[in-house]
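Here's the structure we're looking at; comments come further down.
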Amino acid sequence: QVQLVESGGGLVQPGGSLRLSCAVSGRIFSIYDMGWYRQAPGKQRELVATITSDSITSYADSVKGRFTIARDNAKNTVYLQMNSLKHEDTAVYYCNTAHGIWAWGQGTQVTVSS
């Protein structure tokens, strides 16, 4: 049974930074392409960043140049460094495979507000 545990969210002012972490257990993490998703109130969950098993990254246009996804296979952890945060980045952030095939974790709330 896979477990996804997201952490690192919080309240930050516009222009600030946060680093999210997602610890994965129960699977051979290194072989999976991974992704970070977010869901804002009243909106559908959207994929914002992916990283392949070979560490090739891709980003949604809305976060390109501001967010960086990374992974540490030795720690079974995927990260999302978020810089230059905007109000519209406010959402619950989740990790999963790049195709969202695992059961979702509880997510971590990111609130960007002055």
> Can you name the residue in the range 93-112 that is closer than 12 Å to ARG38 by Cα and of a type in the set (Phe, Trp, Tyr) and, of all such residues, is least open to solvent (accessible area, probe 1.4 Å)?
Replying inline: TYR93
>> For the list (1) at positive phi; (2) under 14 Å from the mean Cα position of the chain (by Cα), I need the number of the one condition that ARG38 fails.
In response: (1)
> Has the range 24-45 got any residue that is among the polar types (S, T, N, Q), part of a loop (DSSP other than H, G, I, E, B), open to solvent by 60 Å² or more (accessible area, probe 1.4 Å) and touching a residue at least 12 places away in the same chain (Cβ under 8 Å)?
Replying inline: no
> If LEU18 satisfies every condition in (1) open to solvent by 60 Å² or more (accessible area, probe 1.4 Å); (2) in contact with a Gly (Cβ under 8 Å, 6 or more places away or on another chain); (3) over 18 Å from GLY100 (Cβ atoms); (4) among the aliphatic types (A, V, I, L, M) but one, which is the exception?
Replying inline: (1)
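Quickly run through the range 49-74 and pick out the residues that are open to solvent by less than 20 Å² (accessible area, probe 1.4 Å) and in contact with a helix residue (DSSP H, G or I) (Cβ under 9 Å, 6 or more places away or on another chain). Show your work before the answer.
Quick first cut of the range 49-74, residues open to solvent by less than 20 Å² (accessible area, probe 1.4 Å) only: 49, 51, 63, 67, 69.
Result: VAL63, PHE67.
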> How many of the residues in the range 82-92 are open to solvent by less than 60 Å² (accessible area, probe 1.4 Å) and in contact with a strand residue (DSSP E or B) (Cβ under 6 Å, 6 or more places away or on another chain)?
Replying inline: 6
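The values are calculated or read from the model by the stated rules, or taken from the named source; none is laboratory data. These numbers were taken from a predicted model, which means no experiment stands behind them. Methodologically, a virtual Cβ is constructed for each residue, glycine included, from the backbone with ideal geometry; neighbour enumeration extends over all protein chains shown. Note: areas computed on protein heavy atoms with side chains; ligands, DNA, RNA excluded. Shrake-Rupley method; radii C 1.70, N 1.55, O 1.52, S 1.80 Å.
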